[in-house]
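The values are calculated or read from the model by the stated rules, or taken from the named source; none is laboratory data. Treat the numbers as computed from the prediction; the structure is a model and nothing was measured. Backbone-built Cβ (ideal geometry, glycine too); neighbour counts: all protein chains shown. Note: accessible area is taken over every heavy atom of the protein model, side chains too, but ligands, DNA and RNA are not part of it. Shrake-Rupley method; radii C 1.70, N 1.55, O 1.52, S 1.80 Å.
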Amino acid sequence: MDTGIKKRKNLNNHTKGILCIIAAAFGFSLMTMFVRMSGNLPTMQKAFFRNAVAGVVSVILLLRSKEGFHVKRENRKDIFFRCLFGTSGLIANFYAIDKLDIADANMLNKLSPFFAILISIPILKEKPDRRDLLATMVAFIGALFIIRPTANLRVVPALIGLYGGFGAGTAYVFVRRLGKKGEKTSVIVMCFSLFSCIVTAPFFLFDYHPMTWKQLLCLIVAGAAATLGQFGITTAYKYAPAKEISVFDYTQVIFAAIWGFLFFSEVPVAMSVIGYILIIGTAVIRWKRQTS
């Protein structure tokens, strides 16, 4: 009987993890939609508002938890690199959102797990097996279908979007190392949000573009949606291991494609669809192998 209860509890936690990560994907997809809806504003201005909202929420939650704010001395270097790569990746992703179809921008950002495989080699001393390396190669081939290297100017924002995936993947590796060292999630989130605000604030102040009430509302909602995504994905991995649920994070691309079609009349071209299939298909195969 105890075994049956334990199985039901594990199943319930697994379901909660899936629901949380889908909620996170939904939140991040809404973020990209409202960032695009905010119109012709500087990328740094959009990034500042996204992080300001998340920063306020994380500070409130940290104060309510009464845990106090303290970064362990041995973790400060890892915190810095998590913030550096996370912030630069976020800015690159926002730039790509403005210049590409939002589904393409989201998919390039979702290469982060494959970048994390490569970055884990020197940082975490984790050696991927041949199948992981093959999966990474196929995913990058999929990225080429989305980037479509030609002489046109579209390649530049696509490559910047690719860096967004690299920045996010590298940041996740440092988050994982911080987790192994026992650093609190709320502290990591707050450090990232405040660091991003500090980096983007000078650009925001000296290159400020007046906003309509609609643009301001879009950026506030984008920040709130990103906060849902950030805390949703953190909560998801508390309920279930990443290897069991991470594939559901790719629902973000599906949500983004829906928003792109409904609000911006964007229809992915055939080459992009091939790229989606290669990347998502590879992620699904890896997930099935890890959970079998």
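Taking region 259-279 as the search range and keeping residues that are hydrophobic (A, V, I, L, M, F, W, C) and in contact (Cβ under 8 Å) with a residue 40 or more places away in the chain, which one is surrounded by the most Cβ atoms within 10 Å (Cβ to Cβ)? If we take residues in region 259-279 being hydrophobic (A, V, I, L, M, F, W, C) and in contact (Cβ under 8 Å) with a residue 40 or more places away in the chain, then ILE279 is surrounded by the most Cβ atoms within 10 Å (Cβ to Cβ). Here PHE115 fulfils each of the conditions (1) among the aromatic types (Phe, Trp, Tyr); (2) under 22 Å from ALA270 (Cα atoms); (3) under 20 Å from the mean Cα position of the chain (by Cα) apart from (2). Exactly one residue out of ALA256, ALA201, ALA236, ALA222 is at pLDDT 90 or above, closer than 30 Å to ARG73 by Cα and part of a helix (DSSP H, G or I), and it is ALA201. Consider region 120-145 and keep the residues that are open to solvent by less than 30 Å² (accessible area, probe 1.4 Å) and among the aliphatic types (A, V, I, L, M). The one that is nearest to ALA171 (Cα to Cα) is LEU124.
Scanning region 146-181 for residues that are at pLDDT below 90, open to solvent by 60 Å² or more (accessible area, probe 1.4 Å) and either closer than 16 Å to LEU278 by Cα or hydrophobic (A, V, I, L, M, F, W, C) (or both) turns up ALA151, LEU153, VAL156. For region 101-113, the count of residues that are in contact with a Pro (Cβ under 9 Å, 6 or more places away or on another chain), touching a residue at least 40 places away in the same chain (Cβ under 8 Å) and among the acidic types (Asp, Glu) is nonzero. Residues of region 5-64 being hydroxyl-bearing (Ser, Thr, Tyr) and modelled with pLDDT of 90 or more, which ones? Of everything in region 5-64, those that are hydroxyl-bearing (Ser, Thr, Tyr) and modelled with pLDDT of 90 or more turn out to be SER29, THR32, SER38, THR43.
Scanning region 182-213 for residues that are open to solvent by 70 Å² or more (accessible area, probe 1.4 Å) and without any contact (Cβ under 8 Å) to a residue 12 or more places away in the chain turns up ILE198, LEU205, PHE206, PRO210, THR212, TRP213.
Picking from residues in region 92-119 that are surrounded by 23 or more Cβ atoms within 10 Å (Cβ to Cβ) and of a type in the set (Phe, Trp, Tyr), the one that is modelled with the highest pLDDT is PHE94. Annotation: of all residues in region 65-91 being at pLDDT below 90 and either under 27 Å from MET31 (Cα atoms) or of a type in the set (Gly, Ala, Ser) (or both), the one that is most open to solvent (accessible area, probe 1.4 Å) is SER65. Highlighted here are the helices (runs of 4 or more DSSP H) found entirely within region 96-175 that include at least 1 residues which are aromatic (Phe, Trp, Tyr) and farther than 29 Å from PHE192 by Cα: 130-147.
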